[in-house]
């Protein structure tokens, strides 16, 4: 697990490289920092980690989004999630 706290905001990442699937429980960016590419950087970093030779056995990445969260739905659809 990697965690960082600054000004009461927290960034935490937990990764088990032996898993065959990965699941994004939550991905969020503080409102004043949205729409500047931070979520994309986080997601791209995760995908890079999942596609390293050490994590080659990871076959799928799953997540859930509330149907009312149209911004998140667009975000993931634009990145080829279905």
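Tabulated data for the structure shown
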{"item": "Subset of the range 28-50 (residues that are loosely packed, with under 11 Cβ neighbours inside 10 Å and under 27 Å from residue 18 (Cα atoms))", "result": "48"}
{"item": "Residue 16, sole failed condition from (1) modelled with pLDDT of 85 or more; (2) exposed (fewer than 10 other Cβ atoms within 10 Å of the Cβ)", "result": "(1)"}
{"item": "Residue ID - farthest from residue 25 (Cα to Cα), chosen from residues in the range 65-82 that are in contact with a helix residue (DSSP H, G or I) (Cβ under 8 Å, 6 or more places away or on another chain) and exposed (fewer than 15 other Cβ atoms within 10 Å of the Cβ)", "result": "79"}
{"item": "Residues of the range 20-64 classified as in contact with a helix residue (DSSP H, G or I) (Cβ under 9 Å, 6 or more places away or on another chain), over 16 Å from residue 77 (Cα atoms) and in a strand (DSSP E or B), total", "result": "1"}
{"item": "Complete set of residues in the range 65-78 that are under 16 Å from residue 22 (Cα atoms) and outside any helix (DSSP H, G or I)", "result": "65"}
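The values are calculated or read from the model by the stated rules, or taken from the named source; none is laboratory data. Keep in mind that what you see is a predicted model, and the values were worked out from it rather than measured. FYI the Cβ positions are ideal-geometry reconstructions off the backbone, even for glycines, and counts take in every protein chain you see.
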